[in-house]
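Written out below as structure tokens is the structure these notes cover.
A short reminder: the numbers here are calculations on the coordinates, not readings from a lab. Predicted model only: the values in this text are computed from it and were never measured. For neighbour counting, all protein chains shown are included, and Cβ atoms are generated from backbone atoms with ideal geometry for every residue, glycine included.
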Amino acid sequence: MEWLNYHHLYYFWTVAKEQSFTKASIKLRVAQSAVSSQVSQLEDFLGKKLIIRATSKKLVLTEVGQTVFLQAEEIFRQGKELVDGLKEGGLHSSVKVGAMGSLSKNLQLRLLRPIIENKSFELSIDIGDPNTLLTRLLGFHLDAILCDVPYPHSEDEPLIQRQVARERMCLVSRKKMGRTSLSDRLLNQGIYLPAKSNPATSEIESFFKSHKMTPTIKGYIDDIALLRLLALETDSLVAIPRVGAERELESKTLFVSHEFKSLYQKFYIVMRQRGFRSGKILGLLEL
């Protein structure tokens, strides 16, 4: 078995992060020629070119170089966790999760509870838009993404995508239903719906059409927390997955005006197919 020289890999990783042999040599406190020699030895060992010197003197990673760099990011991140954990008296590991800003905080808490209650792990959550989160996941800055719409992916960027929950959609309001029909309330008080891009929204609108209801659409909101607040602060009905308002429903500050029998909001966890930690994360979340 051929053993990778991690000293060479560390020098390459530093050069790639600094995007400069000069800056890397300063950080590593060695001569620039030594850094260049270590990287060349790694390229010779792998039989692949990792770095190209562009005409602007800026370093450019080859396709293989980018792959090696991403793997090195994971290796040295885990190494740091190992050393830091042992210095603190016990191995401590972090789990970095990305979540779309529109996602229910109640749902996040429910799904991540096994990690929250595990004293061996430190949890960090980044909130962001789908593209930013995916870039961070593929760059090994996140271990997983929680989302409500699966990502398109290809053979070049394979992803593990698993449905982790589904929540029944309902219409909620701060007022009880009373004797007024749902159709009249939708017309006179209006309704806030999830974003047009949300698959549940088109199904709800199809439901209204099939039942000959003509609701006054007050807006399309891509944020479950804001939908919940609109239900609390206005007289309008709000379409929301039940989990997004479960505490208010339990405390009777909000009421269900209609619950869809077969319409659900689905939620997913997304991870790198080639990630070292994907199986571990699934195990921690008991999925």
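Descriptive notes on the structure:
- Taking G139, G101, G178 in turn, the Gaussian network model of the chain (Cα-Cα springs below 10 Å) assigns the largest fluctuation to G178.
- Subset of K58/K80; K80/K105; K80/K119; K175/K261; K27/K280 violating a 23 Å alpha-carbon distance limit: K58/K80; K80/K105; K27/K280
- Between 0 and 90 degrees, the angle of helix 6-18 with respect to the longest Cα principal axis of the chain falls at about 60 degrees.
- Residue among H258, H141, H211 with the largest mean-square fluctuation in a Gaussian network model of the chain, springs linking Cα atoms under 10 Å: H211
- Exposure proxy ranking for Y6, Y192, based on other Cβ atoms within 10 angstrom of each Cβ and starting from the fewest, stands as Y6, Y192.
- Contact order normalised by residue count of segment 6-73, Cα under 8 Å, 6+ apart, percent: 33
- DSSP beta bridges in the chain [antiparallel fraction, %, rounded to 5]: 60
- Taking every C-alpha pair closer than 8 Å and separated by at least 6 residues, the mean separation divided by the residue count of segment 151-287 gives a relative contact order of 43 percent.
- Whole-number percent relative contact order across the chain, with pairs defined as alpha carbons under 8 Å at least 6 apart: 20
- Most fluctuating residue given options S25, S251, S236, as computed from a GNM of the chain linking Cα atoms under 10 Å: S251
- 0 to 90° range, to nearest 10: angle between helix 105-116 axis and the chain longest Cα axis: 40
- Axis of helix 32-46 versus longest Cα principal axis of the chain: the two differ by about 70°, to the nearest ten degrees.
- For the chain, adding -39500 (n - 2.57) for each run of n ≥ 4 DSSP H residues and dividing by the number of residues yields -13000 deg cm²/dmol at 222 nm.
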